[in-house]
Protein chains: 2
Amino acid sequence: MKNKESIDVIRHSCAHVLAAAIQSLYPQARFGVGPVIENGFYYDIEIPGSAISQADLPTIEKAMKSLIKKGVKFEQVEISLQEAIDFFAQNDQPYKVELLKELQNRGTTRLEDSAEPYRADQPVSLYKTGTFTDLCRGPHVSSTKEITPFKLTNVAGAYWRGDEKNPMLTRIYGVCFSNKDELAEHLRLLEEAKRRDHRKIGKELDLFFFDDLVGKGLPIWLPNGQVMKTEIEKLAEEFEYRYGYDRITTPHLAKKELYEASGHIPYYQDDMYPPMEMDDGTYYLKAMNCPHHHLVYNSKPRSYRDLPIRLAEYGTVYRNELSGTLAGLLRVRMLSMNDAHIYCRKDQIQDELKKVIELNLEYFKLFGLQKYWFRFSKWSAGHTEKYVNEPANWEYTQQVMKEILDDLGVNYIEVEDEAAFYGPKIDVQFKSVIGREETMSTIQLDFAAKTRFDLKYTDNKGDDNNEVYVIHRAPLSTHERFMAFLIEHYAGNFPVWLSPIQISLLPVGSDHHDYVAAMAAEFKTAGLRTRPDYSNETIGNKIRKTSSLKIPYTLVIGDKEINSDKLQVRLRGEKELLEITKADFITRVKEEIEHRKS
Amino acid sequence: MKNKESIDVIRHSCAHVLAAAIQSLYPQARFGVGPVIENGFYYDIEIPGSAISQADLPTIEKAMKSLIKKGVKFEQVEISLQEAIDFFAQNDQPYKVELLKELQNRGTTRLEDSAEPYRADQPVSLYKTGTFTDLCRGPHVSSTKEITPFKLTNVAGAYWRGDEKNPMLTRIYGVCFSNKDELAEHLRLLEEAKRRDHRKIGKELDLFFFDDLVGKGLPIWLPNGQVMKTEIEKLAEEFEYRYGYDRITTPHLAKKELYEASGHIPYYQDDMYPPMEMDDGTYYLKAMNCPHHHLVYNSKPRSYRDLPIRLAEYGTVYRNELSGTLAGLLRVRMLSMNDAHIYCRKDQIQDELKKVIELNLEYFKLFGLQKYWFRFSKWSAGHTEKYVNEPANWEYTQQVMKEILDDLGVNYIEVEDEAAFYGPKIDVQFKSVIGREETMSTIQLDFAAKTRFDLKYTDNKGDDNNEVYVIHRAPLSTHERFMAFLIEHYAGNFPVWLSPIQISLLPVGSDHHDYVAAMAAEFKTAGLRTRPDYSNETIGNKIRKTSSLKIPYTLVIGDKEINSDKLQVRLRGEKELLEITKADFITRVKEEIEHRKS
């Protein structure tokens, strides 16, 4: 059994083994449901008189392994629905009874209705694994011996059938893989994900925090986080300067009339913040930068010579996400992004798209992103109702996009019928260090804006030409997501140029404070970020603190160091000290920063 | 007659002379009112069958001068109210009749009620100047010969008594000064103000614009304006890096609860944008950065060693100004500012205030501001209801402020009873190039925040200490006002470092485009901002365009220039060309930028 279906059968069978083990340990257990999920399974269980916690998982795993070793058979039994109800009622399994009654009344146990409902004359299927019997349609493996390596990972509370009016059951999660290596790799990634969690590291390194008085989904950037934010924005400014972008700033608000023109009202209204009534009309916080940028394009007549015009903004947009869905930096209510819109003629699309992709590749190289691929989303000629009806434009731009991807020799996949309604798009996908597939960047080509906003230019004959194409691009995702990515990607061990603190200065005693202060001032003048530690802690504690702050360079300063010609530099994560003169050290660090060495 | 009262009598008399001249030129004229205003006067007039425009002012001035030359007497006549009504009715002066009837019914002709209303048995006062008779209490000069130099400046429409339901009258404005030099200086400043108007120059140089779809008071920054904005912010970042500030970013929103804690609700609520109801509470756009900064201060325990903490932000705040009051960049609804709050111990106030003032002085020097002085606002021990009741703190901090101002040897004035309610303040006043007194910067010391937000630190004995003083400062005003100031101050002739475009590149013909493009690329790599002009215009027109864009350096590139070893550089506003090698030119401009030469 090698394909996805087979492993899911094993995972489902493993859930039964979990339930059987639970029943052997807690005979009073009442069972809910135990479905397959990504990488594994869970089972919802009620255990009257007992509370299962993380600490109980090893015992349960042991019981499961014992069942697996025994090679217990999975046996299917078909009985009538009434017999099944009687059986589970006798065994004090009220949740199974409830499911069977649903099956009787609604023709299905699923929350949504079924296309092929259960008929009263049909039998129901049970599966027996030793003494444990479950209501289940299968399929299953034939014996517990076929269960592949697994691990119970987590315990959580879950309302029966997801409804908070129902009792809270205990949900036990497990993962299960085809072989030990896959399981080990998955567990390693889970540990990595915990270790690299941006909320955890964000707190440890004083990067950002949330405050209930400010509200959910609104991160506050502390000095250390702000340093990183500034460095990233400086990087974007440099890159965009080289690539010929013009920077602008647009207000964070606009009148209702703008969003009616753009179509955000009514189509996108639910995602926007509530309107504000002012003395001269209704205002909204912006949910996207494009409408403002189109107004900038239209603020003066444009000639064919002026195009392409590349308008970039460190723009901030506002999305009215439900408070329950907000999570760290990954889902926020105020998003900043290094956004840009490129306005070009039809004959410039190819060049401009190519440059955008090249810009992306430069970023990926800088941040050491290797496992990425492109996802090229096209329209479907059969679904014209979903798309701007300009077949010639679709053919032309898709052809252009494909040629560029081929020319660049990058990995890409093509997907039909997944374009934006206004044009084809290229998403950049990558696999994060914890194995999660993420979209880093989206490049979209827009045919609709030119009509909605009457974008035009004067062509070389002096005539109005409405063929203005708009490329939307935000290569560094939103600022918030990108910071979460960076934290996770580097596990907080940022390259020197990104490190909020680059050099840790640790005076051995208070006699060395003045010398350290002078040194800090010298480094500061050279543009290096230091953290002198004047606390009363022992030097050992100071070094441990430095290490927890993941500072790239550490200098311990005592009598010996003051009287030496050279510095003894501790490098983050290395045991060997670097012996170097102060001047050479400053030059070295400055060079690392200038070239953004990773 | 030398004091303000005397010049106002002359100005008022000049208004009568204006009315007399109008009557001689337009016998059908009906007169409204003609009061004294700053620097001069106006008169509201209705001229049935004629429309007076700016072009008519010289003729009217000539008639006025002729009356002045004749030495016509100002004669007061007192008659009964009924006689006065009959007189003005006979002379077809309905507005004067209306005023007299107001006097009869309400006891005053003023819009507000009078403390000493007119009594029916009192006479009313008329003034005669030749054949012109006005309802007027005086006083006046005795003869038109005493009228000092004047000039009619403007014609505008004005509703009778300021009510749009009334007829629109013609308002003629004039200025009048004690002597010719004062008048000439005033007229020069008026011309300068027109020439330097930030809205006019902002448009000419493509710095910013407004769009009705975005809304009033919400400037959109175009690429040229954005360059200046970025340069200013870079300057602020550099200065604050040197002065030991930490940068943060706080969200533009917060929950109602924060503004209740800060006291903005209810005290400042009218100036704030309307609330937005979200699924987890009520949110407001922020009107000030301080509450957010206080939360950052409180986000972790602070030790006496950590203080002072200087939190700086390029912060954006939102003020709900009435749409009718918005004007260019001077009054907007979304304000950005280089804001900061310094949290310090009592014994650090002196040092911190001093450094803030020094930072201000550095800025002023850089921008060539010479005519500034400090305005030191103190509390009043007699008005304790207006102030935080901490007399010892008032005495201490006022003493500290005074000592600092004395030590620095700067010009300052002291004003009693004008402090903020939470502490004394220092405003920096200056006289702009068009003679207007403006506040550039405010430095406030805050005793109230520590109590409202429970700001504290652990002192050197390990105890909680609530004596945290907060200095609010924004040395470059709001970003929008500062940009308006810079535009006016330099009349658009910005120093090289601030110039959106530094070098204008003008190919003589299309044969020279490639050479110019290569040159532009070379300058760009050196970090210099160019504008190559590839239009089909003549070289003469290209040079005129460059000049209107106030670009510091211009290079005309033809065959001769391409074959020469040296550049011939045109300097803004100078006739002499600068002969220099390209390498030296690049070095020169880069140095000017680096040192921010004015």
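Quick notes on this structure:
- Of the residues making up region A:211-224, those that are in contact (Cβ under 8 Å) with a residue 60 or more places away in the chain and either in a loop (DSSP other than H, G, I, E, B) or within 8 Å of another protein chain (Cβ to nearest Cβ) (or both) are A:G215, A:K216, A:G217, A:L218, A:P219, A:P223.
- Any hit, region B:321-331, residues being in a strand (DSSP E or B) and within 9 Å of chain A (Cβ to nearest Cβ): no
- Breaking point among (1) touching a helix residue (DSSP H, G or I) at 6+ places or on another chain (Cβ under 7 Å); (2) more than 21 Å from B:Y297 (Cβ to Cβ); (3) touching a residue at least 40 places away in the same chain (Cβ under 8 Å), for B:L455: (2)
- With respect to the conditions (1) surrounded by 19 or more Cβ atoms within 10 Å (Cβ to Cβ); (2) within 14 Å of another protein chain (Cβ to nearest Cβ); (3) in contact with a Phe, Trp or Tyr (Cβ under 8 Å, 6 or more places away or on another chain), B:I501 lacks only one, and its number is (3).
- Residue count for region B:298-313, restricted to those that are in contact with a Ser or Thr (Cβ under 8 Å, 6 or more places away or on another chain) and of a type outside the set (D, E, K, R): 3
- Considering residues of region B:317-328 that are at pLDDT below 95 and among the hydroxyl-bearing types (S, T, Y) only, the residue surrounded by the most Cβ atoms within 10 Å (Cβ to Cβ): B:S323
- Qualifying position, being farther than 18 Å from A:Y118 by Cβ and assigned by TED's automatic domain parsing to the domain that holds A:N166, among A:I79, A:I52: A:I52
- Just one of the listed residues (B:E102, B:E116) is assigned by TED's automatic domain parsing to the domain that holds B:I22, without any contact (Cβ under 8 Å) to a residue 12 or more places away in the chain, surrounded by fewer than 15 Cβ atoms within 10 Å (Cβ to Cβ) and under 41 Å from the mean Cα position of the chain (by Cα), and it is B:E116.
- For region A:250-268, a residue qualifies if it is open to solvent by 40 Å² or more (accessible area, probe 1.4 Å), in contact with a strand residue (DSSP E or B) (Cβ under 9 Å, 6 or more places away or on another chain) and more than 7 Å from chain B (Cβ to nearest Cβ), and exactly one does: A:K256.
- Residue count for region B:369-407, restricted to those that are under 24 Å from B:N338 (Cα atoms) and open to solvent by 40 Å² or more (accessible area, probe 1.4 Å): 5
- Scanning region A:169-203 for residues that are open to solvent by 30 Å² or more (accessible area, probe 1.4 Å), under 22 Å from A:L18 (Cβ atoms) and not in a helix (DSSP H, G or I) yields a count of 5.
- Residue selected from region B:47-65 under the condition more than 33 Å from the chain's Cα centre (by Cα) and modelled with pLDDT of 95 or more, by the criterion surrounded by the most Cβ atoms within 10 Å (Cβ to Cβ): B:M64
- All positions within region B:236-257 that are in a helix (DSSP H, G or I) and in contact with a Phe, Trp or Tyr (Cβ under 8 Å, 6 or more places away or on another chain): B:A236, B:F239, B:K256
- Residue within region A:449-466 that is part of a strand (DSSP E or B) and crowded, with 16+ Cβ neighbours inside 10 Å present: yes
- Any hit, region B:570-577, residues being without any contact (Cβ under 8 Å) to a residue 12 or more places away in the chain and in a strand (DSSP E or B): yes
- Qualifying residue in region B:436-444 (condition: in the same structural domain as B:L330 (by TED's automatic domain parsing) and over 21 Å from the mean Cα position of the chain (by Cα)): no
- Residue ID - farthest from B:L253 (Cα to Cα), chosen from residues in region B:298-315 that are among the hydroxyl-bearing types (S, T, Y) and within 11 Å of chain A (Cβ to nearest Cβ): B:S303
- Within region B:270-292, the only residue that satisfies the criterion of being part of a helix (DSSP H, G or I), surrounded by 15 or more Cβ atoms within 10 Å (Cβ to Cβ) and away from chain A (no Cβ under 11 Å) is B:C290.
- Within region B:233-243, restricting attention to residues that are open to solvent by 10 Å² or more (accessible area, probe 1.4 Å) and more than 9 Å from chain A (Cβ to nearest Cβ), the residue that is farthest from B:G202 (Cα to Cα) is B:Y243.
- Residue count for region B:367-399, restricted to those that are among the aliphatic types (A, V, I, L, M) and in contact with a Pro (Cβ under 9 Å, 6 or more places away or on another chain): 1
The values are calculated or read from the model by the stated rules, or taken from the named source; none is laboratory data. Predicted model only: the values in this text are computed from it and were never measured. Glycine also receives a Cβ, built like all others from the backbone with ideal geometry; neighbour counts cover every protein chain displayed. Ligands, DNA and RNA are excluded from the accessible area calculation, which covers all protein heavy atoms including side chains. Shrake-Rupley method; radii C 1.70, N 1.55, O 1.52, S 1.80 Å.
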